[in-house]
Every structure is written in C-alpha cells, then in structure tokens.
There are 2 protein chains.
Amino acid sequence: MSPPIIDRLALIGVGLIGGSIARAAREYGAARTIVATARSPATRRRVAELGIADQVVETNAEAAKGADLVIVCIPVGASGPVAAEIAPHLKAGAIVSDVGSVKGSVLADMAPHIPKGAHLIPAHPVAGTENSGPDSGFPELFVNRWCILTPPEGADKEAVETLRAFWATLGANVETMTAQHHDLVLAITSHLPHLIAYTIVGTAEEFSNVSRSEVLKFSAGGFRDFTRIAASDPTMWRDVFLHNKDAVLEMLAQFSADLGYLTRAMQDGDGDALFDHFTRTRAIRRGIVSIGQDSAAPDFGRPHPAKPLAPLARPYAADSE
Amino acid sequence: MSPPIIDRLALIGVGLIGGSIARAAREYGAARTIVATARSPATRRRVAELGIADQVVETNAEAAKGADLVIVCIPVGASGPVAAEIAPHLKAGAIVSDVGSVKGSVLADMAPHIPKGAHLIPAHPVAGTENSGPDSGFPELFVNRWCILTPPEGADKEAVETLRAFWATLGANVETMTAQHHDLVLAITSHLPHLIAYTIVGTAEEFSNVSRSEVLKFSAGGFRDFTRIAASDPTMWRDVFLHNKDAVLEMLAQFSADLGYLTRAMQDGDGDALFDHFTRTRAIRRGIVSIGQDSAAPDFGRPHPAKPLAPLARPYAADSE
C-alpha cells in the first residue's frame with residue numbers, strides 16, 4: 001500500500017475532534033505516528049489510558065517538535081498563544097492546521113507566529129456531536145462530512161494538497177474557500193442555529209406558569225431537538241461567538257426580520273403566508289437528505305422501541321373471553 | 001384477557017397520527033373494530049390497501065355512526081365543521097376526542113355541536129415525526145410519549161377514564177390538565193420551537209453571498225437539526241399558529257428578550273455571560289435524556305457509517321511497502 005500521508009502527526013488538544021482525528025488517522029492509516037498533548041493532566045492521562053495516540057507528551061512545544069502535521073484542536077480563542085508556543089519548535093516544511101469553527105480570527109491570530117518554511121493551512125471539519133472530551137471521539141465522525149480548508153493567499157500548493165489528502169483519507173469531502181467566505185457560510189449553517197438553540201432552551205425555564213418538569217416531559221413536541229445543540233461545549237461556543245461576531249450579527253438581523261414577518265402573518269391571521277413559507281422550508285429538508293447530509297429515516301432515526309406486550313394484553317390470545 | 005377497551009373505534013383523518021393510532025390500536029388490542037375515513041378519496045383508497053382499518057367509509061357521518069370512541073385526527077382548524085357533521089350520528093355515551101396540538105380552540109369549536117349524552121374529551125399525544133400521510137404511521141409512535149387529556153369542567157369521569165385507558169394501552173403516559181394550561185405548555189415545548197425552526201430555515205435561503213448548495217452541504221454544523229421540524233406538515237402548522245396565537249406571542253416576547261441579551265453579550269465581548277448561559281442549557285438536555293424523552297446516544301443516534309476500507313488503503317496490509 002501507499003505509505004501513510006503523514007509521517008508524524010501532532011494533535012494539540014484531544015476532545016471530541018482531536019480524539020476522533022487520532023482514532024480515524026490510525027484506523028484509516030493516515031499517519032505513521034501520532035503524538036498528542038492536552039492542557040490538563042487528567043486529559044493527558046485519559047488519552048494514554050485509551051491508547052489512541054502513540055505518544056502522549058506534556059507540552060505543546062514537545063508535541064510540535066519534529067511533527068510533519070500539527071493540528072491544533074482547541075477552542076479558537078486559544079489559537080494565538082498556542083501558535084506562539086509551538087512556533088520555535090516547528091521543523092522546516094511542517095504544516096500547521098486547526099479545526100476551529102471560525103477561520104478569519106484563527107488565521108489572523110496564528111499567522112504572525114508561524115516561521116518561514118512552515119505552512120499554516122487552517123481547516124474546519126463540519127462534523128461533531130453534542131459530547132466533548134477524549135472519550136467522546138470515534139473514527140467515523142468525518143466520513144461523508146465536509147472539511148473546509150482556508151489556505152491564506154499564496155499558500156504552498158503541495159502543503160494544501162497534503163492536508164487535503166489527509167482529510168480525504170479520514171473519509172471527508174474536502175472543499176477550499178477563503179477564511180472570510182467560510183465565516184459567512186458557517187454563520188448561517190452553524191453559528192446562528194446554535195445561538196437560537198441556546199436562546200430558546202434558556203427561554204423555556206423562565207415562565208412561572210410552566211414548570212421545568214413540564215418542559216422536560218413534553219419536549220418531544222419539538223423542543224428536545226434544540227436541546228441537543230444547546231448541550232454543546234460552552235467554552236468552544238463562547239469563543240465562536242466572540243470571534244465571528246460580525247457575520248453572526250448580519251445573519252441575525254435577517255433572521256429577526258423573517259421572524260417579524262411570520263409573527264405578523266400570525267397576528268393578521270394570514271394563513272396563506274404561513275402555509276407558503278412552511279411549504280418552502282420542507283423542500284430544503286428534502287435537499288439535505290437527498291445529498292446524504294442527514295438521515296432519511298424519520299425523526300433522525302431515533303429509536304422507537306415497541307411496547308412490550310404483556311401476555312394478558314395480547315390481542316386474540318387463546319384465553320380471550 | 002380483558003376485552004378491548006373500545007368496541008368500535010372511528011378515526012376521522014388517517015395521516016401520521018390517525019394512521020399510527022389505527023396500527024397501535026390493533027397491535028396492542030385497544031379496539032375490537034376500527035372504522036376509518038378521510039376527506040380525500042386517494043387517502044381512503046390507500047388506507048384500504050394498507051389494511052390498517054377494518055372498514056373504510058366515505059363520510060364522517062358514516063364513521064361516527066355507532067362508534068364508542070370517535071377520534072378526529074385532522075388539522076385543528078377543521079375541528080368545528082367536523083364536529084357539526086358527526087354530531088347527529090353519535091350514539092348515546094359515545095366519546096368524541098381529537099389529537100390536535102391546540103386544545104382551547106378545539107374545545108371552543110367542537111363543544112357547541114356535541115349533543116347531551118355524548119362526551120367531548122379533547123386529547124393531544126405529544127409524539128410525531130416530520131412525515132405525514134397514511135403511510136408514515138407506525139404502532140410504536142406513542143410508546144413512552146405523553147398524551148395530554150384536557151376534559152372540560154364537569155366532564156364525565158368514566159369517559160375520561162376510558163380514554164385514559166385507551167391511550168395507556170397504546171403505550172402512552174397520560175396526564176390531565178386544563179385546555180388553557182396545555183396551550184401555554186405546548187407553546188413553549190412545541191409551537192415556538194417550530195416557529196423558530198421554520199423561520200431560520202427560510203432565512204438561510206436569503207443571502208446573496210451564501211448559495212443554497214453551500215447551505216445544504218455544510219448543514220451538519222447545526223442547521224440540519226432545524227430542518228427536520230421545519231419539514232412538518234404545513235397545513236397542520238398553519239392551523240396551530242392561527243389557533244394558539246396568544247400563547248405563542250407571549251413566549252415569543254420572552255424569546256426575543258433573551259436573544260437580545262445574548263446578542264448584547266456577544267457585542268460587548270462578555271464571554272462570561274455566554275459561558276454561563278451555555279452551561280445552564282446543557283443541564284436541560286441532560287434532564288430530558290434522564291427521563292427518557294430523548295435518546296442518550298450522541299447526535300440523536302444518527303447513523304455514522306464507517307468508511308469502507310479499500311484494500312490498498314488498509315493499514316498494515318500484507319503487501320505494505
């Protein structure tokens with residue numbers, strides 16, 4: 001077989017994404033050696049116990065030393081300081097990348113530290129679950145999901161190609177765009193939905209006439225769908241909103257105008273306006289399912305276990321009447 | 001075994017909910033005979049083909065005749081006219097119920113038509129998927145979900161108990177409250193989430209700088225979660241918003257205030273306010289999972305198929321280098 005794309009892979013941060021990269025890189029043969037580190041001793045210990053990296057080291061500097069690809073898998077607010085730490089230890093030709101949900105600020109914060117001869121190629125795998133920590137990762141996380149690369153102008157073509165091949169080996173579809181465009185696209189496909197979900201899940205607790213227990217019990221009416229993304233990692237999402245403020249505010253303004261339109265239709269009793277809008281949104285769902293970006297199974301494929309039939313409740317049982 | 005709770009069950013409307021009641025009532029032995037009707041000849045034909053009812057009849061009047069329990073499973077806006085149609089055909093002691101997501105207006109619209117000697121007990125099974133039509137139903141839909149009964153003041157206790165037992169036989173947990181309280185609770189656990197989801201899914205199409213194709217491709221960042229409920233039946237949801245306007249507007253006012261608070265925190269760079277809010281909402285998700293109202297599996301248990309390993313990409317393969 002062809003040798004692994006990366007000889008020595010360094011992961012800085014081993015949460016859901018870092019931990020999934022480690023598992024996938026090994027499972028799919030994308031890296032020969034995986035070295036990992038994390039800020040907290042407890043996480044480093046856990047990564048060593050899980051055995052998902054070949055080496056666990058104590059510092060970011062140590063991890064970066066001799067690595068062919070360093071992927072920084074931490075909340076985007078910490079990108080700058082980490083780049084400063086690893087910079088003096090990067091070998092010539094090393095690729096430095098990340099997995100952050102914001103790309104403009106990551107590029108701005110990291111680029112000034114990266115030495116000539118090393119290549120900064122930010123990236124964002126659009127995949128995840130609501131869980132976090134090293135135990136939550138799994139190798140299939142990136143399969144058939146998109147990974148967006150945002151190489152800066154004049155980036156080394158070979159380095160971009162290597163990173164593309166690395167993510168493709170993990171099962172991802174890879175696309176390239178500018179950091180600025182990425183931040184606009186993700187503001188509507190990810191950041192605004194998270195802001196809205198975080199908001200409404202908080203709102204549900206603020207009514208004196210509806211109890212928390214009622215909110216939980218009757219959440220299958222729709223509310224529970226929002227609670228999944230409102231359970232995402234608070235540190236990661238704090239940093240996303242602080243670092244992609246402008247694009248999120250732009251999308252939010254449009255959302256508020258649209259909410260005003262539907263509210264007005266409701267107030268005016270304009271059933272046709274509501275019906276037309278609801279018919280259009282149904283088509284978007286079909287589009288997502290048809291390109292394989294969500295399950296076609298109803299209810300996301302949530303389990304609906306059958307009711308166990310008690311012997312006495314079985315219809316047409318022998319002792320019937 | 002004990003005889004079925006209901007001798008003759010009439011279903012008026014056979015979509016997702018009506019079709020699931022038919023299947024569940026038979027599977028779990030809740031009714032001896034099931035008669036069904038639907039407004040459109042195509043639906044009636046399909047129900048007959050599926051064989052999920054014992055009889056398919058052409059009119060609401062015919063369905064109601066001789067039924068012990070009539071369940072009206074149609075958009076709430078049609079409740080009044082249907083009650084008027086069936087009223088002259090109800091037998092003494094018949095229970096008339098429904099499955100609508102709004103209860104105040106259903107009670108107000110149906111009650112004037114129901115004759116003395118028949119019992120109107122509105123109900124709302126809090127369960128569903130984004131699909132609609134007779135083919136989308138399945139017998140397990142109500143298992144471990146809540147069904148809320150909203151008997152009017154002075155309702156016949158025996159009729160309420162019969163309806164409770166019917167839903168319990170279908171696997172539901174049954175709770176009783178006033179129609180007014182129901183409409184407040186569902187405004188926050190179901191109606192407002194749908195309004196928000198319908199809004200944001202529409203918003204995503206309105207940017208000249210982000211294409212529809214990008215919205216679909218990168219929807220796994222969070223957006224796709226909203227598209228499921230924004231794919232729900234347009235007629236049903238039009239009627240919900242037209243008939244529970246006041247409660248939805250009350251919840252919407254609080255939501256908008258909360259969204260303003262998070263927006264301001266983002267604008268002010270107040271990371272602590274964001275972090276604290278996101279930590280609280282995480283706890284609500286845990287509550288829903290712990291009472292069994294959502295799956296504990298990450299990502300709602302969505303399938304994450306493994307990448308097929310091509311022979312040449314297999315690590316440590318025999319022909320390695």
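Conditions tested, residue by residue: (1) basic (K, R); (2) surrounded by fewer than 24 Cβ atoms within 10 Å (Cβ to Cβ); (3) more than 8 Å from chain B (Cβ to nearest Cβ).
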site: A:K157; (1), (2), (3): yes, yes, yes
site: A:T162; (1), (2), (3): no, yes, yes
site: A:T169; (1), (2), (3): no, yes, no
site: A:I196; (1), (2), (3): no, no, no
site: A:S208; (1), (2), (3): no, yes, yes
site: A:S213; (1), (2), (3): no, yes, yes
Given (1) more than 7 Å from chain A (Cβ to nearest Cβ); (2) surrounded by 24 or more Cβ atoms within 10 Å (Cβ to Cβ), number of the condition B:D233 does not satisfy: (2)
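Could you list, in sequence order, all residues of region A:237-251 that are in contact (Cβ under 8 Å) with a residue 60 or more places away in the chain and of a type in the set (K, R)?
From region A:237-251, those in contact (Cβ under 8 Å) with a residue 60 or more places away in the chain are A:238-240, A:242-244, A:247-248, A:250-251; that's our starting set.
Within region A:237-251, just A:R238 meets the criteria.
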Residue in region A:278-295 that is more than 8 Å from every other protein chain (Cβ to nearest Cβ) and not in a helix (DSSP H, G or I) present: yes
When (1) within 30 Å of B:I284 (Cβ to Cβ); (2) in contact (Cβ under 8 Å) with a residue 40 or more places away in the chain; (3) assigned by TED's automatic domain parsing to the domain that holds A:L107 are applied to A:A165, the one that fails is (1)
Can you confirm whether B:V102 is modelled with pLDDT of 95 or more and under 20 Å from the mean Cα position of the chain (by Cα)? yes
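Each row is one residue, and each column tells you yes or no for (1) charged (D, E, K, R); (2) over 21 Å from B:T227 (Cα atoms); (3) out of contact with any Lys or Arg (no Cβ under 9 Å at 6 or more places or on another chain).
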site: A:L149; (1), (2), (3): no, yes, no
site: A:P152; (1), (2), (3): no, yes, yes
site: A:V160; (1), (2), (3): no, yes, yes
site: A:S190; (1), (2), (3): no, no, yes
site: A:T199; (1), (2), (3): no, no, yes
site: A:F207; (1), (2), (3): no, yes, yes
site: A:G221; (1), (2), (3): no, no, yes
site: A:L242; (1), (2), (3): no, yes, yes
site: A:G260; (1), (2), (3): no, no, yes
Scanning for something without any contact (Cβ under 8 Å) to a residue 12 or more places away in the chain and crowded, with 22+ Cβ neighbours inside 10 Å, does region A:252-261 turn up at least one residue? yes
Odd one out for B:D239, checked against (1) crowded, with 21+ Cβ neighbours inside 10 Å; (2) in a helix (DSSP H, G or I); (3) at the interface with chain A (Cβ under 7 Å from one of its Cβ atoms): (3)
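For region B:34-50, what are the residues that are out of contact with any Asp or Glu (no Cβ under 9 Å at 6 or more places or on another chain) and within 13 Å of B:G137 (Cβ to Cβ)? Please lay out each step first, then the result.
Going through region B:34-50, the residues out of contact with any Asp or Glu (no Cβ under 9 Å at 6 or more places or on another chain) turn out to be B:38-40, B:42-43, B:45, B:47-49.
Those that are out of contact with any Asp or Glu (no Cβ under 9 Å at 6 or more places or on another chain) and within 13 Å of B:G137 (Cβ to Cβ): B:A38, B:T43, B:V47.
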Condition first: in contact with a helix residue (DSSP H, G or I) (Cβ under 7 Å, 6 or more places away or on another chain) and surrounded by fewer than 22 Cβ atoms within 10 Å (Cβ to Cβ). Now tell me which residues in region A:84-103 satisfy that. A:A84, A:E85, A:A87, A:H89
Quick one: is B:T178 free of Cβ contacts under 8 Å to residues at least 60 places away in the same chain, more than 7 Å from chain A (Cβ to nearest Cβ) and either closer than 14 Å to A:T189 by Cα or β-branched (V, I, T) (or both)? yes
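The values are calculated or read from the model by the stated rules, or taken from the named source; none is laboratory data. Note that the structure is predicted; figures quoted are calculated from it, not measured. All Cβ positions, even for glycine, are placed from backbone atoms using ideal geometry, and neighbour counts span all protein chains on display.
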